[in-house]
Amino acid sequence: MPFSRRAALAGVALLLTVQPAFAATAKPKPAAAKAAGFTPSADAIKAHMAFLADDLLEGREAGTRGYDIAAQYVASQYALMHVKPAGDDGSYLQQVPLTAYRAANEGGVSYTGADGKSGALVFGEDYLPSAQARQAETSITAPLVFVGYGIVAPERGRDDYAGLDVKGKIVVVLSGAPSGLQTEIRAHYSNTNVKRAEAARRGAVGVLTLPTTSYEKRRPFARNVGNYQEWKMTWNDAQGAAYVRGAEAPGLASLSLKGGAKLFAGAPTSLDAVLAAAETPDGAVKGFALPANVTVQLKTEIERRQSSNVVGLIEGSDPTLKAQTIILSAHLDHLGIHGKDADKINNGALDNASGVATLLEVARGFKEARTKPRRSIVLLVVTAEEKGLIGSEYFAHNPTVPKAGIAADVNLDMPILLYDFQDVVAFGADRSSIGPAVARAAGRVGIGLSPDPLPEEGLFTRSDHYRFVEQGVPSVFLMTGFKNGGEKGFKDFLATHYHKPNDDLNQPINYQAGARFALVNYEIARELADAPARPSWNKGDFFGTLFGKK
């Protein structure tokens, strides 16, 4: 009943005003408690999640009333802790102007082949249209050029565009990147933004994406047919233009293997041979002009929306170092209301009410610590992560604190609090001086460090910390590890709850594990805040070399 729900939520809010009096708290090892100087509260984690994952917030989709309620809740928690506002105009909120866009119809892809005969690809069987953020109608006719994976990697002596003229043409690019690349580098080169930007730099006017056989097995084309009209988002710049990387070469459509075969008819190399070569570790697929001209016609529905990041500041104690900031980030949004079942509210309890609850508890640790951090701490809760890391990207381009002072980001995204985790995976830690800090912090809490157990998922580029990496900021993203039953717990969650309405509070959430996760993240942020030297990229690191001079 609505009344009882409101009463329950009011009780949660009242309880949060007296956090230090909670009786049930995490019970870390004595050494961990001594190292941290504060004891994280399992009850606080539970209370924050109870509010943020309640049906009242309707899944917290960016740009909706439910998200705005969640943002005000986080702002109220900052205020209770006497955290300094660091949003717009002396508030906790940084307004994020958004463009929402989706395919208005099925679009059309027609072609003229090498034999001069015309044909058309079939929607839902051969292709799915790509919505455009900048224009409601798109019509492009151009020759096709196949460019392999579309990777240009000078450090590897690789240029998939070598010898190809793509100016004024539509490129066909394979999804993903060769399996022989190191997992995080592979994730970077797999990114569609990176591929579009390179195509635009070469003068292409559009991009068609074709799956490899391994990609098709992991993410079948047919699975996406019912979702082709889902809303996408990007942020708007100061002139009100939708931000699109490689806008001059927009993504036009995703092809199926069946659709790709039609466009490869009469090509100098068969599609089967191309796909076989793509599966080798080097994936050394040579590009060539395709004997087809293609016309792509698209219609897009476009709306302007508004959302907000929630930003607070805990000032450092060192007269010099306080100008540098350690960012703690977590995304507040989730998927909103949709689905085929009776329950259509995607509550996002573990994705990512748990991460926001962790951030708030880490913030309490800093505020109540007897010794204040030397560097300043920025508490950044962001919007539209589920739409492509949009809120964090907006902040990274338009920070509310001096950009030159941003020293590191510690990101909190979807800790799977369903088991007593004994290890964590620290994505990106070994690429900078953050690595030793993470190892020391985890050791103090009695937590082990493990390598990436899911390299094929490219998780390093799929959470908000990566938007700071792209701005040259050393960053780390922690995930609960696979030991002590973690592998089963994690994979079961991905298979049965991830991005579904049943990611809710009915799961057997281990709030003591949440307190422990808060403790290890506090220790990491604390060490980075107090270290004599600012975090720095390791010499010769790929991402440090690529982005570190920004």
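The values are calculated or read from the model by the stated rules, or taken from the named source; none is laboratory data. Keep in mind that what you see is a predicted model, and the values were worked out from it rather than measured. Note that each Cβ is placed from the backbone with ideal geometry, even for glycine, and that neighbours are counted across all protein chains shown.
For every residue, the table says whether it meets (1) outside any loop (DSSP other than H, G, I, E, B); (2) modelled with pLDDT under 95; (3) surrounded by 19 or more Cβ atoms within 10 Å (Cβ to Cβ); (4) in contact with a strand residue (DSSP E or B) (Cβ under 8 Å, 6 or more places away or on another chain).
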position	(1), (2), (3), (4)
L144	yes, no, yes, yes
V166	no, no, yes, yes
E184	yes, yes, yes, yes
K195	yes, no, yes, yes
E198	yes, no, yes, yes
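Here G113, G119, G124, G108 are screened, and the one residue that is modelled with pLDDT under 95 and surrounded by fewer than 23 Cβ atoms within 10 Å (Cβ to Cβ) is G113. For the range 493-514, the set of residues classified as under 14 Å from M414 (Cα atoms), over 19 Å from the mean Cα position of the chain (by Cα) and assigned to a helix (DSSP H, G or I) consists of Y511, A513, G514, listed by residue number.
Filtered by the rule that a residue be among the β-branched types (V, I, T), part of a helix (DSSP H, G or I) and either in contact with a Pro (Cβ under 7 Å, 6 or more places away or on another chain) or at pLDDT 95 or above (or both), the range 447-483 gives a lone residue, V469. Across the range 515-540, the number of residues qualifying as touching a residue at least 40 places away in the same chain (Cβ under 8 Å) and farther than 18 Å from V438 by Cα comes to 0. Within the range 348-388, if we keep just the residues that are out of contact with any helix residue (DSSP H, G or I) (no Cβ under 6 Å at 6 or more places or on another chain) and in a loop (DSSP other than H, G, I, E, B), the residue that is modelled with the lowest pLDDT turns out to be R370. Selection within the range 368-396: residues that are of a type outside the set (D, E, K, R) and over 26 Å from the mean Cα position of the chain (by Cα). The member of this set that is nearest to K322 (Cα to Cα) is P373. Just so you know, in the range 527-548 the residues that are charged (D, E, K, R) and part of a loop (DSSP other than H, G, I, E, B) include one that is nearest to the chain's Cα centre (by Cα), and it is D541. Evaluated against (1) over 17 Å from the mean Cα position of the chain (by Cα); (2) at pLDDT 95 or above; (3) buried (at least 17 other Cβ atoms within 10 Å of the Cβ), F490 falls short on exactly one condition, (2).
Residues checked against (1) buried (at least 16 other Cβ atoms within 10 Å of the Cβ); (2) among the small types (G, A, S); (3) assigned by TED's automatic domain parsing to the domain that holds A44:
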residue: G446; (1), (2), (3): no, yes, yes
residue: F460; (1), (2), (3): yes, no, yes
residue: H465; (1), (2), (3): yes, no, yes
residue: G472; (1), (2), (3): yes, yes, yes
residue: F477; (1), (2), (3): yes, no, yes
residue: H497; (1), (2), (3): yes, no, yes
residue: D503; (1), (2), (3): yes, no, yes
residue: P508; (1), (2), (3): no, no, yes
residue: V520; (1), (2), (3): yes, no, yes
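Scan the range 389-404 and give yes if some residue there is among the aliphatic types (A, V, I, L, M), farther than 28 Å from D333 by Cβ and assigned to a helix (DSSP H, G or I), otherwise no. Yes - at least one qualifying residue is present in the range 389-404.
For first residues located in the range 258-286 and touching a residue at least 60 places away in the same chain (Cβ under 8 Å), partners that are loosely packed, with under 13 Cβ neighbours inside 10 Å and of a type in the set (A, V, I, L, M) and lie 6+ apart or on another chain with Cβ distances below 6 Å form the pairs G266/A114.
Right, A79: at pLDDT 95 or above, touching a Leu at 6+ places or on another chain (Cβ under 9 Å) and not in a loop (DSSP other than H, G, I, E, B) or not? Before the answer, list the steps.
Values: at pLDDT 95 or above: yes; touching a Leu at 6+ places or on another chain (Cβ under 9 Å): no; not in a loop (DSSP other than H, G, I, E, B): yes.
Criteria not met by A79.
State whether one or more residues within the range 120-139 are within 21 Å of the chain's Cα centre (by Cα), in contact (Cβ under 8 Å) with a residue 24 or more places away in the chain and in a helix (DSSP H, G or I). No, the range 120-139 contains no residue that is within 21 Å of the chain's Cα centre (by Cα), in contact (Cβ under 8 Å) with a residue 24 or more places away in the chain and in a helix (DSSP H, G or I).
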